[in-house]
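So the structure is just underneath, and the comments pick up after that.
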Amino acid sequence: MLVTGLLISILFGLCVVLSISRQLKWTETLGLAFPVGIGVQTFLMVCLDFVGIRITATSIILVSLVCMAALIVRLYFCRKALGEWFAPICIFSYPKINWLWIAVMVALAVVCVMNVAKTMYYPTFDTDSVRGFNLTGMAVAHEGTVKNLSLYNDVNFLPRNYNLYMTYTPLVQLGYTYVYMLGAETSKIFTALIFVSFLFAFYGVTSRFATHTLTALTTFFVVITPEMLGFSSMSGSNFVHALYASLGLLFFAVWYYKKMPSFLWLSAALLMLNVWTRNEGLAFIGAACCLLAWQCIDFKRITPPPLKNMK
């Protein structure tokens, strides 16, 4: 059940990402699939709760499959552009051997495996997760509701100040809820998948501005920073927020410098999920909006094309 549910999240995110843009590299698409899929699923969980439908693994999987079917229909009408996206993947050629790139990628893979192993081995221990994010995820998985959650409404819990965590937007908490409902013993499989996804997406988008060797070195040095290794193995919202915010701004930069319209929509989606993770994400949206306004005023009026016209 766990593997099936996570696979549905990845496929759902893949459909969402390809519906927005078919100009992505395969590394970018693979890296964005799970974060976008689980992000949209948490929003659907809130919508189900709002209309009075109990949040369960069955309900969220069913509504995800319905939405996925609608997106597949849309992709069918864009099959020509989708075929252009698949073509480079299907063509295999032997690249020139670059021993430095190979060495860095091997080191990056070792760090990735070590960090994922550490993440999955140790239980949740940081205070914010034990009292907040992880506890809320377990409570929602047990009660099947957010708006009537006893943790935030029962008078017996009020003296413990659990209701303070109501101020956090719910992407991370509901992400934990989802994996718990699928039968996971620890919520850290969520953060482990987010970490691996970040590596693929960051490498892909950075390679648009630099050589593969420089991109590999940049990704490696980003990953081995103590803060990155520390927070990515915890159950808090910091690293998840960093993924959505950083990738949202990076894809905005791709649009800004290379004028690829679909990337503006993709950036908007990631920055919305960044706010859905933490309220502080409004600062990153403000920065992107300032650059967008400058582009409109200083050069020419920018109007993103309708989604149906994007390749």
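Might you report the magnitude of the Cβ-based charge dipole of the chain about its Cα centre, with Lys and Arg at +1 and Asp and Glu at -1, to the nearest 20 debye?
On the way: 20 positive and 11 negative charges, 223 e Å.
Once rounded to the nearest 20, the dipole reads 1080 debye.
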Could you work out how far the C-alpha centroid of region 1-74 sits from that of region 202-267, in angstrom? 21
How far, in degrees from 0 to 90, does helix 99-121 lean away from the longest principal axis of the Cα atoms of the chain, to the nearest 10? 10
Roughly what would the spin-label model give for S150 and L100, points 7 Å off Cα along C-beta, in nm? 6.1
By how many degrees, 0 to 90 and rounded to 10, does the Cα axis of helix 238-258 deviate from the longest principal axis of the chain? 30
Along each of its three principal axes, how wide is the spread of alpha-carbon positions in the chain, in whole angstrom units, largest first? 62, 43, 41
What is the angle, in °, between the Cα long axis of helix 171-181 and the longest principal axis of the Cα atoms in the chain? Nearest 10 is fine, range 0 to 90. 70
For region 159-276, dividing by residue count, accessible area per residue (probe 1.4 Å) in Å² works out to 36
Check: in the chain the Lys pairs 8 or more apart or on separate chains whose Cα atoms fall under 26 Å apart number 20
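The values are calculated or read from the model by the stated rules, or taken from the named source; none is laboratory data. Quantities reported herein were computed from a predicted structural model and do not represent experimental measurements. Reconstructed Cβ throughout: ideal geometry from the backbone, glycine too, with neighbour counts over all protein chains shown. For the accessible areas, the whole protein counts, side chains as well, though only heavy atoms, and no ligand, DNA or RNA atoms are used. Shrake-Rupley method; radii C 1.70, N 1.55, O 1.52, S 1.80 Å.
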